[in-house]
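Encoded as structure tokens, the structure appears first; notes follow it.
What follows is calculated from the coordinates using simple rules that are stated; it is not laboratory data. Because the structure is a prediction, the values reported are computed rather than measured. In this analysis, Cβ positions are derived from the backbone assuming ideal geometry, glycine residues included, and neighbour counts consider all displayed protein chains.
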Amino acid sequence: MAEKKTLISVENISKSFGKLNVLNDISLEIHEGETLTVLGKSGSGKSVMLKLIVGLLEPDKGIISFDGVDLSLMSVKDLHAMRKQIGFLFQGGALFDSMSVGENLNFVLTAHTDMSLVDREARVVKALDLVGLKEKLDEMPSSLSGGQRKRAGLARSIVLQPKLILYDEPTTGLDPITAASIAELILSLQNQLGVASVVVTHDLPTAYTISDRTIVLDGGKKIYDGPVEGLRTANQSHLNEFLEAAELDRSRREKIIHTVL
Amino acid sequence: MKQGTGLSFNKILTKIGGISLFAFRFFRQVVSPPFEFKEAVKQTYEIGVRSFSLVAVVAIVMGAVLTMQSRPTMIKFGAEAFVPAMVAVSVLRELCPVIISVIVAGRVAAGIGAELGSMRVTEQIDAMEVAALNPFNYLVVTRVIACMIALPLLTIYGDVIAMIGSAIVQQVEAGMSFRLFYNTVMNSINFVDFVPGMLKTIIFGFIIGVVGCYEGFNSDGGTEGVGRSATDAVVISSLLILIMDMLVVKVTVLIFDVA
């Protein structure tokens, strides 16, 4: 089978905020159509990694390339062209408060396409349908639940039909049932659209559900890179600690669900 | 021990530098596409029309109180006939432009600071950035232009309302008819009493817009940071308006040779 093309290449990047060293000499590649999960505890630099990939932050050291082009050498126009090919789901959805759900999606389409109003509306409805929110088209973000806001944010991320979607903690702050439904949604979008995805999470069940490959960050360093099934056999002390804590959290949650239901 | 003011000299310099660079970026971006006309019109409505009632109350009280306060003194000097002219010149040249700008700064700069600050902490500005939507043009340029358009219009509106307030007091206390009041005022004012006062509010509008947007755009520290952005936006824009007023008056005197 032919090897998949590299979409994003991260080479030896480091990033600090003041004296706090968040990422330290990290390298990774993201290939077309692949789902990569980035695991790690809070403050391990996972979200910073996503912001570096999309050019919201600049690395102190190292190179990030998209389709073989170094981000630091891109003009503003090139950077915008690259961002149109990347969808980004923020932790809280980051929907624009002053616009309805439909307008949030339409806003992006109007800015970047020459589509007619009818075509735009059709695309918006299709994207909302994919995330199961077609009936919320005219609702304001303030009237949506946390999970619905993330779904709407996801619809906005896919409306331009990107090559890559970046998910920043898509299941954090959600109840286990909604979290599982978001993970299923990511998987179904993956199957239907065939896009590459990078999912930053500390939720192990989500990682097991959706990953083709997993990396684990700890203390700004990459301590694991491989298939998600290999996590348990890697036998590294930091990794085991993280897995045990995640398993404990999972069993607690299952116990709570069992008690409630 | 000396109590800290919470705002060190270093921080003040950093803020002045930050606002100056932000203003410079505005001038660079205002001529660069995309041009968000629809959003600029919407913001002008939000900033201008929604300030109508506030400006009306402030202006009518200003005109009425100034007339009530100055009448006894003017009568003492036998200059009662000059009350409408004195009030008109004071209101048009100075009081209305400055007081309305400071009042609007309280409403609008705080509103912009809090709105953009909330957008920053909830990652909406980052979301615009990653969707290649140019948040500076969409959020900042439109609001600054809206303030620069709304402030002169609100000032003209305030001028009229303040003179109505003064006319009502003159009618009640001196029995002066509205027609006589109108004629006296129109005969005593000219171009330099009205136009420079109105034009300087374009600068005040620019200050309100830039400071409000700067504070909101650079907000950090969660909800506490949003509150701080709103407060700082009001304090800094009000101070800058008063300082700028002094400079503009000096320049106006030099240009128009106003005695």
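Listed values, structure above:
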{"quantity": "At q = 0.16, 0.17 Å⁻¹, base-10 log of I(q)/I(0) for region B:53-161 (Debye sum, equal scatterers on each alpha carbon)", "calculated": "-0.78, -0.83"}
{"quantity": "As computed over chain A, the Cα convex hull volume per residue (Å³)", "calculated": "151 Å³"}
{"quantity": "Shielding by partners, peptide A:106-113 (average Cβ within 10 angstrom, other chains)", "calculated": "3"}
{"quantity": "Kyte-Doolittle mean at least -1.0 and Cα axial length at least 27 Å: DSSP H helices in chain A", "calculated": "A:237-260"}
{"quantity": "Mean Cβ count within 10 Å, highest first, over the residues of peptides B:244-254, A:29-39", "calculated": "A:29-39, B:244-254"}
{"quantity": "Debye equation applied to the C-alpha atoms of the protein assembly as shown, log10 I(q)/I(0) at 0.05, 0.09, 0.11, 0.13 Å⁻¹", "calculated": "-0.29, -0.76, -0.99, -1.23"}
{"quantity": "Debye, to nearest 20: dipole size of chain B, +1 on Lys, Arg Cβ, -1 on Asp, Glu Cβ", "calculated": "320 debye"}
{"quantity": "Nonlocal amide H pairs with A:Ser197, under 5 Å, H built at 1.01 Å", "calculated": "A:Glu34, A:Thr35, A:Leu36, A:Ile165"}
{"quantity": "Cα-derived Rg over Rh, computed across region B:1-116 with Rh taken as Kirkwood radius", "calculated": "1.14"}
{"quantity": "Mean Cβ neighbour count within 10 Å, used as a protection proxy, ranking B:21-27, B:45-51, A:149-155 highest first", "calculated": "A:149-155, B:45-51, B:21-27"}
{"quantity": "Options A:Leu28, A:Ile215, B:Ser188, ranked by Cα towards positive dipole end of the protein assembly as shown, top entry (Cβ charges)", "calculated": "B:Ser188"}
{"quantity": "Cβ neighbours within 10 Å from other chains - mean over B:117-128", "calculated": "5"}
{"quantity": "CD proxy at 222 nm, helix term only [per DSSP H run n ≥ 4: -39500 (n - 2.57); per residue of the protein assembly as shown; nearest 500]", "calculated": "-19500 deg cm²/dmol"}
{"quantity": "For region A:155-241, projected area of the alpha-carbon convex hull averaged over all directions, nm²", "calculated": "6.3 nm²"}
{"quantity": "Derived scalar couplings ³J(HN,Hα) [region A:208-223; Karplus, 6.51 cos²θ - 1.76 cosθ + 1.60; whole Hz; x for Gly, Pro]", "calculated": "5, 6, 10, 6, 8, 8, 10, 10, 10, 9, 8, x, x, 10, 8, 10"}
{"quantity": "C-alpha center-to-center spacing [region B:199-259, region A:93-155] in angstrom", "calculated": "37 Å"}
{"quantity": "Sorted peptide list for B:52-62, A:222-232, criterion being average Cβ within 10 angstrom, highest first", "calculated": "B:52-62, A:222-232"}
{"quantity": "Projected area, mean over directions - region A:23-168, Cα convex hull, nm²", "calculated": "9.7 nm²"}
{"quantity": "Other protein chain Cβ atoms within 10 Å, averaged over every residue that makes up A:88-101", "calculated": "4"}
{"quantity": "Greater than 20 Å apart at Cα, pairs in A:Lys77/B:Lys15; A:Lys126/A:Lys150; A:Lys126/B:Lys38; A:Lys19/A:Lys61", "calculated": "A:Lys77/B:Lys15; A:Lys126/B:Lys38"}
